[in-house]
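Below is one structure, written out as C-alpha cells, with a few remarks after it.
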Amino acid sequence: MLDYDIIVVGGGHAGCEAALAAARMGATVLLLTLGWESIADMPCNPSLGGPGKAQIIREIDALGGEMARNIDDAYLQIRLLNTGKGPAVHSLRAQADKDAYQARMREILDAEENLAVEVSHVEEILVSREGQVRGVETREGKVYLAPTVILATGTYLGGRVFIGDVSYSSGPHGQPASTGLTKILRNLRLELARFKTGTSPRIARASINFRNTKQQPGHILPFGFSFETHGTRGDQVLCYLTYTTRKTHDIIKANLSKAPLYTGAITGRGPRYCPSIETKVMEFPDRERHQVFLEPETRAGEIVYLGGLSTSLPLDTQREIVHSVPGLEDAEIVRPGYAIEYDCLVPTEISPWLEVKKVPGLFTAGQINGTSGYEEAASQGLMAGINAVLKLRGREPFVLGRSEAYIGVLIDDLVTKGTKEPYRMMTSRVEYRLTLRQDNADLRLTDKGFALGLVPEERYEMFSKRRRQIQDELARLKTTIVPGDAATTRHLEEIGTMPVQSQTSLGDLLSRPEVSYQSLAAIDKDRVKLPEDVTLVVEIELKYAGYIRKQMSQIERTQRLETRRIPRSIEYSLIHGLSREAREKLTAVDPRSLGQAARISGVTPADIVALVAYLETGSHRRKQDSGDADGI
Amino acid sequence: MSKDRETIAAISTPLGEGAIGIVRVSGSLAFAIANKVFRDPSGQRQRELKPWGVRYGSIVDCETGEHVDEALAVAMPAPHSFTREDVVEFSCHGGVAVLTRVLETVIKCGARLAEPGEFTKRAFLAGRIDLSQAEAVIDVIRAKTDSARRLALANLRGELSTRVGRIRDNVLVLLAHIEASIDFPDEDIGVLEVKDMTERAQESVSELNELVRTGMSSRVYRDGVSVVLAGRPNVGKSSLFNALVGKMRAIVTDIPGTTRDVIDDWTTIKGVPIRLVDTAGMRKTRDLIEKLGVEAANQQAEEADLVVAVIDGSRPICDEDRDMLLQVMDKSGVVAVNKCDLESEVEEGSLIPHAGDKRILRMSAKTGEGINELEQALADLAVAEITGACENPVMANLRQLEALENAMRSMEESAHALSNSVSPDLAAIDMYEALFWLDQITGRSASEDLMEKIFSEFCIGK
Ligand SMILES: Nc1nc2c(ncn2[C@@H]2O[C@H](COP(=O)(O)OP(=O)(O)OP(=O)(O)O)[C@@H](O)[C@H]2O)c(=O)[nH]1
Ligand SMILES: [Mg+2]
C-alpha cells in the first residue's frame, strides 16, 4: 500500500499551495520541507502583488488558494498601483511582514486535515521500470511512496551563491542546496537550464537617516487581495524611497572587476526585469540615479530590505555603495546581497497541466519550471496540486486558457515557448487583459474552483450573491431611461456632461468618460446601496463596454485555432511541407491545439498552413479512428 | 501519392525578359526525368547533371528519341532549391512552341503540369518565402504590363514588407512605452508623454494612409487607369478613341449625336494599361435614348481616373464646351483641341481659364498629328495617378490592402483615444489590433519583439 496520494517536495509558495489544494480536494498529502523556517519564505523582496502579479493572486483566491488570504492577514502596507490608468491594470501591491506571513501559513498547513508536513531532505525520486513515479527517498534513506510527486524545490536545486569572489553551494537564506535532485533529473533525461537571480543587501533600521529619504505611505481601500476581505488595515507602516548618486555609480564602475557577473564566474541567465545595480549602471550610463526602496521586512522592523540595489559585489564594496546613498550614510549591512545560480527544468519538458512529459506522475511547480516570483510559483503550485489529484482520479486535466486567466497565459507561455530567463508575469504578456482584471477574477474562476471542490460552500454563496448583485445592477442601469426633466438636465450640466437625447439609459451615460457611477446618484432614484466591490465591476463593465467588445472579438478570432485540437497520435515527421525546425519543435512541445502550435517560436504561418492542410486531408483520421483518444 | 508530392513541371519565363524561356521541374522525380530527356549536344549520350553545375546539351523526346531543342540544364538538389525539393531547370531559347514541346516531353516522362502558382505555393509551404512574397509572385504571374511587373518584383524583394516593418516598429515602440509604464509603475523610467504618444500614433496613421493610397493605385496599375473622352457632339471623340485604340471600334459620322451609348475598350498606351471610354457628346437633348447616353457620359466622366476634354478646334468655343470643361474642372487629364488640320478658331488663351490643371494639346484624329503627344501625356498622367505623390510605389493585393486599411483604422482609433485622454493601456488595445493586421501581411508574431523592445529601451527593475 502506498503511504500517500501525493508527495510535495518543497515548502515555498508553490509547495504550500500544491499541498493545500490537493489536501482540500481530499487527497492524502505529505509535504517535505528542508525546515519550518523555509515555509512560505520570501528570500527576495518582502512584497507581493504589483502589475500582473496582483491579478494572479486574485485568481489564486478565486480558485480557492491561500496566498491572498495569507497576505491580507500579514501585510505591513498595501497600495493600489496604476490608478491613473485603465481598470485592467489597476494592481494591488503589499509589503509583507515576512515573519507573520510565514507563521500564518505554517498554522494553515498544520490545521489541514489530510496534510502531513515533515522536515526532510529529499535525495532521490523513485521511478518504476515503466517510468512511472513511485515516491521519494530522503538523504537519511527513508522511503515515502506515492503515485504522484510534485517537485517545488525553488532555487535550491544545485544552488550556488556568489558574493564577490566568494562562491559556495547553497540555497537561499543559507539553507543547504539540493544537489542530488539535479542529478536525478538528468538521469530522467530531462533537459535542464541554469538561471540566476539576485538579492539586495538588508540593513539595520536603526542605522538609517530617514530625514534624507522620501516617505511612501500605504492606501486606504475598500478591498484587499482576497474577495473575502472588504477593507484595508488601519495600522499600516511607512516605506521610504531614496536614490543612488553619481558617487554610487563611480564606486560600481571602479569595482566591476570584482563583480562575478562581469568576471564570468556567473554563467546562468538572469532576468532582464530584475537587473543588478551593476548591470543598471553599466547598461544605462546616461541615467544619473536609480531608485532605492527601503522595505521593512517585519512589523518590528529591525531589518530593512533595499529594493533596487540587488548586487553580488564583495561585502566591502556593498558597504561603500550603500553608504553613498542619501539616508544610508551610516547604514549597517545585516545581510549582504548575493547572486544565486540554480538549476531548473526547460519548461517545454512539461505539459500544460504541469506534469513532466517523460515521467508520468511527476509534477513540477514554481522556480523549478523557470519562473521567478512568489505569485508565479504559488499559482503553479495550485495548478499542480489540482492536476495531481485529477490524475489520481482519472479525470481530465484542468488547464486554463489564455483568454481565461493570467495563470493560463503563464503556463501556456512556459510549456509552449519555454523561457530564456527567469519568467516573470507582466500585464504585457496578456493579450486580453481588459477582460482579465483583478476585480473580476472571481467571476472568471470561482465556478471552476467550486466544481473542483476547492471553494467551500460558504464562500461560493458569498460569491454567488456578489455575482447576482453585479448582474442585476448592470441590467437595471442598462434599462433605466434617464428622465428629460429640467432638474436632471441641470444635474448633468453640473457634473460636466451633455444633456441626454430621448431614450438614453443610465448605462449609456456611464459610458461617457466624464461620468462616474457616484456622480449619477442624484438622478438615479431607484439606486440601492451596494458594496463598493460590486459597483466597481459594474462601472468598469459599462464604462469600457466598447473596448471590452473589441477585446471579445479579438478573443473570438483566435478561438478557431485554439479549439482546433491536434490528435495526440500525430506524427510530425510524416507531414509534408513542415520545415525541419518546426518538425522538431512541434514534436518536442506536443501542442494540444493549432493555437498553441502557432505560438511556438520557430513555427511559421507556413508551417501552420501545412499542418491545417494535413489535418484537413484526413490522412491522419484513419489512424485516429483506430482508438486514439484525442481527449484532454 | 498525395498531390503535394507529385513532381510538377511548367514553363516559367524569367521575370522581365522574354528571349529565353525556362521549363522548371520540381519534385522527387526531377533528376530521374532529367536523366531521361537531357543528352549531350549531339543528342547521343546521356548527360550527367552535377548539383548547381550548368550543363549545355540537348533535349530529346524520351519516347521517339527525337531532338527537341538545345538547352542549358541546372540541377538544384533539395533542400536548397526554391521549393526545397529537387529541382531541374531547362533554359531554352526557342519560342513558345518549342518550350511547349520541351514541357510535353518532361510530362511524358512522369511529371505533372503544375497549376498556376503551384511552385510558389510549394516554396511558401516549405517556409522558403513569407506570405507577402508568395503573393507577390502570384502578382508577377498575373501582372498585365511591364510596369506592374516591376512593382510586383519590388514587392518580391520585400518593399511592402520593409515598409510595413517600419510602421510596425513604430507601433511596437509606442506599446513598449505604454507597457513599461504599466508593468513598472513606480520606477522613473522616463516613458513618453501622452502628447508625444498621440503624435507618434498619428504618424503611423499617415504612413499607413500613404501605404494604402499607393497600394490602391498599384491596384489601378494592375487593373489599368480609366480615361474618358468627353465633349459635345461631333468634336471627334470617337475618332480619337479609334486612333488611340488602334482600330475602328467606334462609329464615326458627321452627324452630331452618333455615339449614343458608352463604349469602352482596353488598350496599352506607352506600356500602361488603360481602359478607354468613349461617350455620347454632352449636350441638352430631347431624344430619350441620347439623353440616357448623355447621362451615362456624365457618370463616366465622374468616375474615370482621367479625362480627355475634346474641343473642336475648327469651331469657336461655345457654351456647351464651357459647361463640359466646368464639369471636369477638378479632374486630371488633358484638353484636346481636335481637328488641327483645319483652320483654327480656338485661341489657347481663351481656353486656359476653363482648363483647370489640364494641359492643352492640339491634334488631329484625321491626320494623326499630335496623337503621340496625347499618348505621352496620358501615360504620364496615368503613372502619376498610380504612384500618387509618393516615391516608392508598392504593390499590394486586395488582402494586403484590407489588412493595411484595418491597421490604419485601428491606429486612428488609438490616436483619437489618446487625444481624448483615454488611458494609454486602453488605446493599446487598438494598437494591438493594428499589429495583428500588420502581422497578417508579414506573417510574424508580435509578442517576442515587444519584450525585446521593452527591455532594450528602459532600465527596469528593482
Ligand atoms: N478634319 C477633321 N475632321 C475630323 C477630325 N476628327 C473627327 N473629324 C470628323 O468629325 C466628325 C465627327 O466625328 P466623331 O468622331 O463621330 O465625333 P464624336 O465626338 O464622336 O461625335 P458624337 O458621337 O456625335 O458625339 C466626323 O465626320 C469626323 O470625320 C479631325 O481631326 N479633323
Ligand atoms: Mg461619337
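The values are calculated or read from the model by the stated rules, or taken from the named source; none is laboratory data. This one's a predicted model, so the numbers in the text were calculated from it and none came from an experiment. Cβ coordinates were reconstructed from backbone atoms using ideal geometry, including for glycine residues, and neighbour counts include every protein chain displayed.
Of the conditions (1) within 18 Å of A:THR416 (Cβ to Cβ); (2) facing chain B (nearest Cβ under 10 Å), A:SER553 fails just one. Which one is it? The one condition A:SER553 does not meet is (1).
One residue alone among B:ALA434, B:ALA428, B:ALA446, B:ALA415 is at pLDDT below 90, under 13 Å from B:VAL171 (Cα atoms) and out of contact with any Gly (no Cβ under 7 Å at 6 or more places or on another chain), and that residue is B:ALA446. From the set of residues in region B:235-251 that are surrounded by 19 or more Cβ atoms within 10 Å (Cβ to Cβ) and in contact with a Ser or Thr (Cβ under 8 Å, 6 or more places away or on another chain), which is modelled with the lowest pLDDT? It comes out as B:ALA250. Taking region B:276-315 as the region of interest, how many residues are more than 12 Å from ligand 2 (Cβ to nearest atom) and hydroxyl-bearing (Ser, Thr, Tyr)? Count: 2.
Checking every residue in region B:268-283 against the condition of being away from every other protein chain (no Cβ under 14 Å), away from ligand 1 (no atom under 13 Å from the Cβ), charged (D, E, K, R) and exposed (fewer than 13 other Cβ atoms within 10 Å of the Cβ) gives zero matches. Scanning region A:525-550 for residues that are within 12 Å of another protein chain (Cβ to nearest Cβ) and under 27 Å from the mean Cα position of the chain (by Cα) turns up A:ILE540, A:TYR544, A:TYR547, A:ILE548, A:ARG549, A:LYS550.
Helices (runs of 4 or more DSSP H) fully within region A:260-362 that include at least 2 residues being out of contact with any strand residue (DSSP E or B) (no Cβ under 7 Å at 6 or more places or on another chain), without any contact (Cβ under 8 Å) to a residue 12 or more places away in the chain and within 12 Å of chain B (Cβ to nearest Cβ): A:277-283. Restricted to region A:456-522, the set of helices (runs of 4 or more DSSP H) holding at least 2 residues that are of a type in the set (D, E, K, R) comprises A:457-479, A:486-494. Residues in region A:26-40 that are at pLDDT 95 or above, within 22 Å of A:GLU376 (Cβ to Cβ) and assigned to a loop (DSSP other than H, G, I, E, B): A:ILE39, A:ALA40. Checked against the criterion of being more than 16 Å from ligand 2 (Cβ to nearest atom), at pLDDT below 90, away from every other protein chain (no Cβ under 14 Å) and under 25 Å from B:LEU276 (Cβ atoms), region B:398-407 has at least one qualifying residue. When the criteria are applied in full, B:GLN327 meets the requirement of being more than 16 Å from ligand 2 (Cβ to nearest atom) and away from every other protein chain (no Cβ under 14 Å).
If you go through region B:329-350 and keep only what is of a type in the set (A, V, I, L, M, F, W, C), in a loop (DSSP other than H, G, I, E, B) and away from ligand 1 (no atom under 15 Å from the Cβ), you end up with just B:MET329. Would you pick out the residues in region A:561-575 that are loosely packed, with under 13 Cβ neighbours inside 10 Å and of a type in the set (A, V, I, L, M, F, W, C)? Selection gives A:LEU574 alone. If you go through region B:309-319 and keep only what is away from ligand 1 (no atom under 11 Å from the Cβ) and under 16 Å from B:LEU374 (Cβ atoms), you end up with just B:ALA309. Looking only at residues in region B:290-308 that are within 13 Å of ligand 1 (Cβ to nearest atom) and part of a helix (DSSP H, G or I), the one that is surrounded by the most Cβ atoms within 10 Å (Cβ to Cβ) is B:ALA297.
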